[in-house]
Amino acid sequence: MSHDLKKYSRITQSIHAGQHVDEATGAVAPPIFQTSTFAFSDCRQGADRFAGAEDGFIYTRMGNPTVARLEEAVATLEGGAAGLATGSGMGAFCTVIFALMNAGDHLVGTSSVYGPSRVVMERDFSRFGIESTFVDTSDLDAVRAALRPSTTLVFVETPANPTVVLSDLQAIAEIAHEHGALMLVDNTFASPILQRPFELGTDIVMHSMTKFINGHTDVVAGMIVPSTDELRARIKPAHSYLGACMDPHQAWLVLRGLKTLAMRVRTAQDNARRVAPFLEAHPKVEWVRYPGLDSHPQHELAERQMDGPGSLISFEVKGGIEAGARLLDNVELMTLAVSLGGIETLIQHPPSMTHAAMSREDRLEAGITDGLVRVSIGCEDADDLIGDLEQAFAKV
Ligand SMILES: *Cc1c(COP(=O)(O)O)cnc(C)c1O
């Protein structure tokens with residue numbers, strides 16, 4: 001199958017991208033090239049491959065045919081120039097920082113990003129002289145005010161984790177570019193089905209494919225998608241040598257999960273569209289944050305920037321942290337676990353779990369209140385999910 005997938009919708013692309021029939025055998029499912037190294041026909045060929053004069057595989061850390069299919073698939077879905085697969089979402093983020101930033105450079109990022117992304121900047125990359133400032137990127141003035149002459153990268157996560165606050169990608173891309181900085185977007189929460197940052201001016205997209213793209217809570221994986229060949233060339237050496245590479249078997253599992261991405265995203269979203277109003281109407285709930293609700297402060301931006309509000313909901317139970325813990329201890333169908341974007345519903349308490357490494361002060365500033373509960377709605381029956389919350393609330 002060599003037809004141009006660009007003419008098809010993202011839904012069709014998620015099923016067919018990277019999934020061409022194997023030329024050697026006719027296999028419809030992708031072969032797993034479980035090999036660390038690739039033989040050269042002669043010395044000349046080996047030298048040409050290392051010199052980049054001939055395309056072809058050398059060593060799996062630098063590239064592998066099964067991994068390449070997944071890279072092609074996600075690059076197609078995002079509309080980027082290429083994909084660079086990594087062993088985890090954090091591997092993707094750290095590879096981009098390592099590749100593009102130098103001592104003395106400065107990053108401006110979303111304050112309520114995925115916890116470890118902020119921690120590695122503030123605790124680890126800072127040791128090498130790479131500075132960072134995290135601000136509420138939903139406030140464009142705050143983004144402008146945080147820029148320094150040394151700012152080379154603006155890093156945005158939208159919807160943000162775990163607050164589900166949105167940032168205006170097009171406006172921030174303009175601010176970044178005017179300043180001469182690049183923009184990196186963590187598109188994990190929305191997935192390419194609901195949000196395409198390149199259409200809004202972003203330079204690099206990253207994913208934790210552990211979440212929606214794989215979708216089955218059984219693989220940790222990441223992806224970097226540069227918008228241009230030039231950016232790919234700048235990131236590729238770090239991708240090849242830093243070691244955050246992907247294993248072929250891991251790539252095969254993610255290729256398998258990817259085929260149902262559109263279906264899963266839409267089913268989970270339909271469920272969330274029912275669970276969010278249920279929570280909002282519940283007398284024991286203080287507030288609910290879901291981009292699909294009129295009450296979301298950026299409901300209008302969600303409609304403009306995304307193809308749907310997704311399936312992540314945050315809320316606070318009346319009675320704060322203790323009442324929230326009682327709810328989490330009493331759900332039966334929902335699983336008390338971190339991570340998100342899987343086929344099953346996961347519920348967790350960010351202040352004591354995913355965002356525990358941040359100081360309480362930083363958390364509160366980022367909108368992560370002590371009693372905040374985050375739920376990643378899955379693909380179960382919506383009535384069963386609401387019933388589970390009902391019985392758990394009865395025990396609060
Ligand atoms: C999980 C997550 C990451 C980190 O990905 P891993 O695959 O766990 O390393 C980064 N960003 C977001 C938004 C995430 O949810």
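Within the range 234-255, being within 25 Å of D22 (Cβ to Cβ) and surrounded by fewer than 17 Cβ atoms within 10 Å (Cβ to Cβ) holds for one residue alone: H249. Here V275 clears all of (1) of a type outside the set (G, A, S); (2) assigned by TED's automatic domain parsing to the domain that holds A92; (3) in a helix (DSSP H, G or I) except the condition numbered (2).
V164 passes every criterion in (1) in contact with a Lys or Arg (Cβ under 9 Å, 6 or more places away or on another chain); (2) on the phi < 0 side of the Ramachandran plot; (3) not basic (K, R) apart from (2). Annotation note: of F98, F50, F33, F93, the sole residue that is buried (at least 22 other Cβ atoms within 10 Å of the Cβ), of a type in the set (F, W, Y) and in the same structural domain as V254 (by TED's automatic domain parsing) is F93. Against the definition (touching a residue at least 24 places away in the same chain (Cβ under 8 Å), within 16 Å of the ligand (Cβ to nearest atom) and touching a Phe, Trp or Tyr at 6+ places or on another chain (Cβ under 7 Å)), how does L340 come out, yes or no? No; evaluated as a whole, the condition is false for this residue.
With the requirement that a residue be more than 9 Å from the ligand (Cβ to nearest atom) and within 20 Å of L346 (Cα to Cα), what does the range 195-213 give you? Even if it seems obvious, please write down each step before you answer.
If we filter the range 195-213 for residues that are more than 9 Å from the ligand (Cβ to nearest atom), which is where we start, we get 195-205, 212-213.
Matches in the range 195-213: F212, I213.
The residues in the range 334-346 that are in contact with a helix residue (DSSP H, G or I) (Cβ under 9 Å, 6 or more places away or on another chain) and surrounded by fewer than 22 Cβ atoms within 10 Å (Cβ to Cβ) can be counted, and the count is 3.
Condition check: in contact (Cβ under 8 Å) with a residue 40 or more places away in the chain, under 19 Å from Q13 (Cα atoms) and more than 14 Å from the ligand (Cβ to nearest atom). Does S227 satisfy that?
Working: in contact (Cβ under 8 Å) with a residue 40 or more places away in the chain: yes; under 19 Å from Q13 (Cα atoms): yes; more than 14 Å from the ligand (Cβ to nearest atom): yes.
Yes; evaluated as a whole, the condition is true for this residue.
Restricting the range 356-375 to residues that are over 16 Å from E316 (Cα atoms) and surrounded by 15 or more Cβ atoms within 10 Å (Cβ to Cβ), the residue that is nearest to the ligand (Cβ to nearest atom) is M358. The set of residues in the range 118-137 being within 13 Å of the ligand (Cβ to nearest atom) and either in contact with a Ser or Thr (Cβ under 7 Å, 6 or more places away or on another chain) or at pLDDT below 95 (or both) consists of R118, V119, M121. Filtered by the rule that a residue be among the aliphatic types (A, V, I, L, M) and part of a loop (DSSP other than H, G, I, E, B), the range 180-205 gives A181, A190. Among helices (runs of 4 or more DSSP H) entirely within the range 315-396, having at least 2 residues that are modelled with pLDDT under 95 singles out 320-330, 360-365.
Kindly evaluate I321 against the criterion of being within 21 Å of the chain's Cα centre (by Cα) and of a type outside the set (D, E, K, R). Reasoning before the result, please.
Values: within 21 Å of the chain's Cα centre (by Cα): no; of a type outside the set (D, E, K, R): yes.
Spelling it out, it is not the case that I321 is within 21 Å of the chain's Cα centre (by Cα) and of a type outside the set (D, E, K, R).
Within the option set K318, K284, being surrounded by fewer than 19 Cβ atoms within 10 Å (Cβ to Cβ) and in contact with a Leu (Cβ under 9 Å, 6 or more places away or on another chain) holds for one residue only, K284.
Give the residue that is nearest to the chain's Cα centre (by Cα), with candidates limited to residues of the range 180-194 that are hydrophobic (A, V, I, L, M, F, W, C) and within 14 Å of the ligand (Cβ to nearest atom). First the steps, then the outcome.
Of the range 180-194, the ones hydrophobic (A, V, I, L, M, F, W, C) are 181-185, 189-190, 193-194.
Now restrict to residues that are within 14 Å of the ligand (Cβ to nearest atom): 184-185, 189-190, 194.
On the way: L184: 11, V185: 9, F189: 5, A190: 7, L194: 12 Å.
Only one residue fits best here, namely F189.
Just one of (1) farther than 28 Å from K7 by Cα; (2) in contact with a helix residue (DSSP H, G or I) (Cβ under 9 Å, 6 or more places away or on another chain); (3) not small (G, A, S) fails for V119. It is (2).
From the list T60, T66, T35, the lone residue that is over 26 Å from S339 (Cα atoms), out of contact with any Cys (no Cβ under 9 Å at 6 or more places or on another chain), of a type in the set (S, T, N, Q) and in contact (Cβ under 8 Å) with a residue 40 or more places away in the chain is T35. Just one residue in the set D229, D139 is assigned by TED's automatic domain parsing to the domain that holds G104, surrounded by fewer than 18 Cβ atoms within 10 Å (Cβ to Cβ), acidic (D, E) and farther than 24 Å from R61 by Cα; that residue is D139. Listed by first and then second residue, the pairs linking a residue in the range 197-219 that is outside the structural domain of S339 (by TED's automatic domain parsing) and under 19 Å from A160 (Cα atoms) to a residue that is in a loop (DSSP other than H, G, I, E, B) and of a type in the set (K, R), with Cβ atoms under 6 Å apart and 6 or more places separating them unless they lie on different chains, form an empty list.
Evaluate the following for H177: is it away from the ligand (no atom under 14 Å from the Cβ) and either surrounded by fewer than 23 Cβ atoms within 10 Å (Cβ to Cβ) or outside any loop (DSSP other than H, G, I, E, B) (or both)? Here the answer is yes, as H177 does meet what is asked. Suppose the filter is away from the ligand (no atom under 16 Å from the Cβ) and either in contact with a Pro (Cβ under 7 Å, 6 or more places away or on another chain) or closer than 30 Å to S352 by Cβ (or both); does A146 pass it? Yes; evaluated as a whole, the condition is true for this residue.
The values are calculated or read from the model by the stated rules, or taken from the named source; none is laboratory data. Quantities reported herein were computed from a predicted structural model and do not represent experimental measurements. Please note: Cβ atoms are built from the backbone with ideal geometry, for glycine as well, and neighbour counts cover all protein chains shown.
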